[in-house]
Amino acid sequence: MSIVICGIDLAKSVFQIHGIDENDQVISRKQLRRNQVLKYFANQKPCLIGMEACSGAHYWARELTRLGHLVRLMSPQHVKPYIKGNKNDANDAAGICEAVTRPSMKFVGVKTQGQQDILMLHRIRSQKIKSRTALVNQMRGLLAEFGFVLTKRIEPFRREIVELLCEDNQRLSELANRNFYQLYEDLLVLDDQILRVENELKATVKNNVDCQRLMTLPGIGWITASALVAHIGDVHQFKNGRELAAYIGLVPRQHSSGGKNVLLGISKRGDAYLRTLLIHGSRAVLMHVSKKEDKDSLWLKGIAQRRGSNKAVVAQANKTARKAWALLSNQTVYKQAA
């Protein structure tokens with residue numbers, strides 16, 4: 001008997017396999033070392049393979065797809081209800097095997113290597129910016145101990161720290177001056193590293209048709225466009241724009257029962273980084289609608305007047321996500337309504 005449906009519990013070194021045949025009988029329940037996985041499935045007939053969307057899942061999905069298998073990735077929170085008994089690798093693999101067969105299951109699109117490259121650049125850039133912010137805050141805190149209070153904004157801070165280190169200041173000892181110079185040099189190194197990553201991102205966006213298509217939308221620049229393309233993966237996994245907005249976490253959270261519908265704040269599902277980019281872009285759109293009279297601007301101004309600017313920004317981000325789905329699925333560019 002050959003495996004028809006298989007669940008794989010991914011790990012760093014030891015993978016758990018749970019395979020069933022066409023009669024739903026378990027015919028394979030074993031552990032495989034990392035270097036044995038591809039060899040094992042290369043000798044199997046094409047089957048449906050389910051995995052949780054975790055670290056390394058997209059790599060294994062691509063490799064197993066090349067072997068002719070149909071691979072489905074699922075969110076771990078959606079797999080959890082199908083895991084029976086105590087927590088162990090065998091039960092996890094069995095739960096994954098059962099979850100992948102459910103007709104109502106929501107699957108995660110498999111990302112290409114190019115999309116993972118873009119995500120890697122975004123994560124590196126985000127980490128470098130956090131490190132730079134931490135360094136600037138440390139310098140401000142240390143300087144405050146010597147009686148120098150510098151501004152919080154990064155650009156004025158650079159000018160002020162240069163002026164402070166260049167002048168002959170008696171309130172700083174030679175030791176303090178030397179170490180503040182070293183911290184400032186570390187700041188310049190981080191600036192160069194961030195600039196290098198951003199240049200690579202810009203080059204990627206310039207050569208990506210989908211990114212250029214998304215950049216025609218108000219409130220979407222090269223950073224948000226590249227993040228959207230990388231995070232969404234296959235846009236056809238979403239039936240409509242509302243599903244994409246819900247995936248990002250820009251729709252109301254519900255707590256409804258007994259025929260009474262209760263809508264709360266946004267659900268905040270999906271990736272917080274992507275949602276933050278869309279909301280910041282929408283905030284920029286709201287800042288410039290006062291001088292515009294087109295249909296979308298009048299709609300946004302009306303919401304801001306009735307519900308406040310914060311809710312208007314989230315509503316605009318929701319609409320931007322829906323428009324992004326329409327542009328990617330229809331392979332077109334945005335044309336602003338009169």
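The values are calculated or read from the model by the stated rules, or taken from the named source; none is laboratory data. Bear in mind that the values here come from a model prediction, so they are computed numbers and not experimental data. Glycine also receives a Cβ, built like all others from the backbone with ideal geometry; neighbour counts cover every protein chain displayed.
Values computed for the structure shown
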item: Test: Leu278 is in contact with a strand residue (DSSP E or B) (Cβ under 8 Å, 6 or more places away or on another chain) and within 24 Å of Leu119 (Cα to Cα); result: no
item: Criterion (surrounded by 15 or more Cβ atoms within 10 Å (Cβ to Cβ) and out of contact with any strand residue (DSSP E or B) (no Cβ under 7 Å at 6 or more places or on another chain)) met by exactly one of Gln36, Gln77, Gln44, Gln16; result: Gln44
item: Odd one out for Lys311, checked against (1) within 26 Å of the chain's Cα centre (by Cα); (2) of a type in the set (D, E, K, R); (3) farther than 17 Å from Gly221 by Cβ; (4) crowded, with 16+ Cβ neighbours inside 10 Å; result: (4)
item: Residue under evaluation Gln254, criteria (1) in contact with a Leu (Cβ under 9 Å, 6 or more places away or on another chain); (2) surrounded by 13 or more Cβ atoms within 10 Å (Cβ to Cβ); (3) within 24 Å of Gln77 (Cβ to Cβ), criterion not met; result: (2)
item: Hits in segment 136-155 - residues which are in a helix (DSSP H, G or I), more than 22 Å from Glu174 (Cβ to Cβ) and in contact with a helix residue (DSSP H, G or I) (Cβ under 9 Å, 6 or more places away or on another chain); result: Val136, Ile154
item: Residue match in segment 210-220 (condition: at pLDDT 90 or above, out of contact with any helix residue (DSSP H, G or I) (no Cβ under 6 Å at 6 or more places or on another chain) and either under 13 Å from Thr320 (Cβ atoms) or part of a helix (DSSP H, G or I) (or both)); result: yes
item: Residue tally, condition within 15 Å of Leu187 (Cα to Cα) and surrounded by 14 or more Cβ atoms within 10 Å (Cβ to Cβ), over segment 144-164; result: 4
item: Residue in segment 265-278 that is assigned to a helix (DSSP H, G or I), within 17 Å of Gly109 (Cβ to Cβ) and out of contact with any Phe, Trp or Tyr (no Cβ under 8 Å at 6 or more places or on another chain) present; result: yes
item: Only listed residue being touching a Leu at 6+ places or on another chain (Cβ under 8 Å) and not assigned by TED's automatic domain parsing to the domain that holds Thr151, chosen from Leu190, Leu164, Leu217; result: Leu217
item: Positions within segment 29-87 being in contact (Cβ under 8 Å) with a residue 24 or more places away in the chain and charged (D, E, K, R), in sequence order; result: Arg29, Lys45, Glu52, Arg62, Glu63, Arg72
item: Meets criteria (in a helix (DSSP H, G or I), aliphatic (A, V, I, L, M) and out of contact with any Leu (no Cβ under 8 Å at 6 or more places or on another chain)) for Ala284; result: yes
item: One residue from Val285, Val197, Val229 being in the same structural domain as Arg125 (by TED's automatic domain parsing) and at pLDDT 90 or above; result: Val197
item: Selection from segment 257-298 of residues that are free of Cβ contacts under 8 Å to residues at least 40 places away in the same chain, more than 30 Å from Gln77 (Cα to Cα) and small (Gly, Ala, Ser); result: Ser290, Ser297
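Here's the yes/no breakdown for (1) over 27 Å from Ala321 (Cβ atoms); (2) among the hydroxyl-bearing types (Ser, Thr, Tyr); (3) buried (at least 19 other Cβ atoms within 10 Å of the Cβ):
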residue	(1), (2), (3)
Asp192	yes, no, no
Val197	no, no, yes
Ala203	no, no, no
Ala245	no, no, yes
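Residue by residue, here is whether (1) of a type in the set (Lys, Arg); (2) outside the structural domain of Asp234 (by TED's automatic domain parsing); (3) in contact with an Asp or Glu (Cβ under 8 Å, 6 or more places away or on another chain) holds:
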position	(1), (2), (3)
Asn86	no, yes, no
Glu98	no, yes, no
Ile129	no, yes, no
Arg132	yes, yes, yes
Leu135	no, yes, yes
Arg140	yes, yes, no
Glu145	no, yes, no
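One line per residue, one yes/no per condition, for (1) modelled with pLDDT of 90 or more; (2) farther than 22 Å from Gln36 by Cα:
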site	(1), (2)
Gly50	yes, no
Leu73	yes, no
Lys80	yes, yes
Lys87	no, yes
Arg102	yes, yes
Lys106	no, yes
Met120	yes, yes
Arg125	yes, yes
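Each row is one residue, and each column tells you yes or no for (1) touching a His at 6+ places or on another chain (Cβ under 7 Å); (2) modelled with pLDDT under 90; (3) of a type in the set (A, V, I, L, M).
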{"residue": "Thr151", "(1), (2), (3)": "no, yes, no"}
{"residue": "Arg159", "(1), (2), (3)": "no, yes, no"}
{"residue": "Ala176", "(1), (2), (3)": "no, yes, yes"}
{"residue": "Tyr184", "(1), (2), (3)": "no, no, no"}
{"residue": "Val189", "(1), (2), (3)": "no, no, yes"}
{"residue": "Asp192", "(1), (2), (3)": "no, no, no"}
